[in-house]
Amino acid sequence: MLVIDAQLHEPPMSLEWADADQVTRFDLMTEVTLAYMRAIGVDRAVLHPINGLEWGEYAAARLPDHFSLVVGALVAAADGTMALRGAAGSVPIPSIDDWVSERSRTPGVVGIRLGRPTAEQFGPALTACAREGLPVFILPPSKSADPRAFGGDFTDVSAIAREYPDLTVVIDHLGLSQWPSPLDSPPFRALPEMLELAQYPNVAVKFAGAHSMSQQPYPFDDLWPHLRRIVDAYGARRLMWGTDISRFYGRIGFSKFPSSGDEGESAYLEGIAPELVNHEPAPDVPHTYAEALFHLRESDQLSTDDKEWLFGRTAQELLRWP
């Protein structure tokens, strides 16, 4: 069975090699990522670079059978202009139509991630992605006023799915609040609204971080009443497994997530997703990379066919990764 982790960021490095040249860093990051994938039997990974696209592009070009990448986050201003958010700041995009066309032709690119999208603000980007057959990945916002919160508000996702039926829409992180967002109480409170989106055949769900919502130790058995409803609503052919494991270790690349007051905070606030600003320090690791895989792969709650789609075939087909 092919196993694809549909969401990995830069690997959680522990040493800071300030004097290392870029190629050395990229080679090391790629080898570390491959090592922990191989350790538990993950064959491929979809990279979601946060600190700029360079490492993801490098890894996908060097090892196209192991890595692909999602470009993002694409952000929109109130005046309709768009930019690509990165660690060094937001880079303006003069022509979103040309930019999407170029990304669709870039080897290894399998999708675009949108930052807090609305159908109105992102209309040109959504039209271009639909035309090019490039899926969009969306982390829904929260209905909460807490600036750290994300997940649970599917209003704009629903509008996008309805208005762009030829566009593949992938909901990140089950669409629900997960660390560093404060968890809903109960954690799956917004699940019924997420399940309503199953009516749109162009919507898929990324099973990223589900383990973090458990109130029990491995194998996280309390998740199954909720996960079962997702599988039944969407079918395994619209679900793709992912771990986002570096988020739970609280590290990205060669740098820790800065917390409020750290030196370099301004670059962090500009370059990293708003939902990560001023979060609490990363909790003690609640699970390992292996547990994030095995609690699903070794479960008797899924059929063999379900597992084949969830762990690999859905990502292959929807992301057009042969």
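Annotations
- Here the simple spin-label model places points 7 Å from the Cα toward Cβ, and for TRP17 and ASP222 these points are separated by 4.1 nm.
- With the Kirkwood sum run over all distinct C-alpha pairs, the range 168-207 has a hydrodynamic radius of 10.8 Å.
- Only Lys, Arg, Asp and Glu carry charge here, each on its Cβ (+1 for the first two, -1 for the last two); on that basis the range 1-140 has a dipole of about 360 debye about its Cα centre.
- Net charge over other residues, Cβ less than 13 angstrom from the Cβ of THR314 (K, R count +1; D, E count -1): +2
- Dipole size of the range 6-81 about its Cα centre, with +1 on Lys/Arg Cβ and -1 on Asp/Glu Cβ: approximately 280 debye, rounded to the nearest 20.
- Antiparallel DSSP beta bridges within the chain, percent to nearest 5: 30
- Pairs of Cα atoms nearer than 8 Å and 6+ residues apart set the relative contact order; for the chain it is 20 percent.
- Prolate/oblate/rounded call for the range 97-228, Cα gyration tensor, a/c under 1.5 rounded: prolate
- Total charge dipole magnitude, the chain, about the Cα centre, Cβ charges on Lys, Arg, Asp, Glu only, Debye to nearest 20: 580
- Projecting the Cα atoms of ALA39, GLN215, LEU134 onto the dipole axis of the chain, where Lys and Arg carry +1 and Asp and Glu carry -1 at the beta carbon, places LEU134 farthest toward the positive end.
- Segment SER299-MET1, length gained on full extension (0.36 nm per residue, minus Cα span): 105.8 nm
- Per-pair calculated FRET efficiency, R0 = 51 Å: THR118 and GLN215 via Cβ, rounded to 0.05: 0.95
- Of GLY111, PRO147, LEU63, farthest towards positive along the dipole that unit charges on Lys, Arg, Asp, Glu beta carbons give the range 39-150: PRO147
- Matching label, Rg and Dmax of the Cα atoms in Å computed from the structure shown, candidates (1) 24.4, 112; (2) 18.3, 52; (3) 20.2, 62: (2)
Read-outs: derived from the displayed coordinates by stated rules, not from any lab. Everything quoted here is computed from the prediction, not taken from an experiment. Quick reminder, even Gly has a Cβ in these numbers, built from the backbone with ideal geometry, and neighbours come from all protein chains shown.
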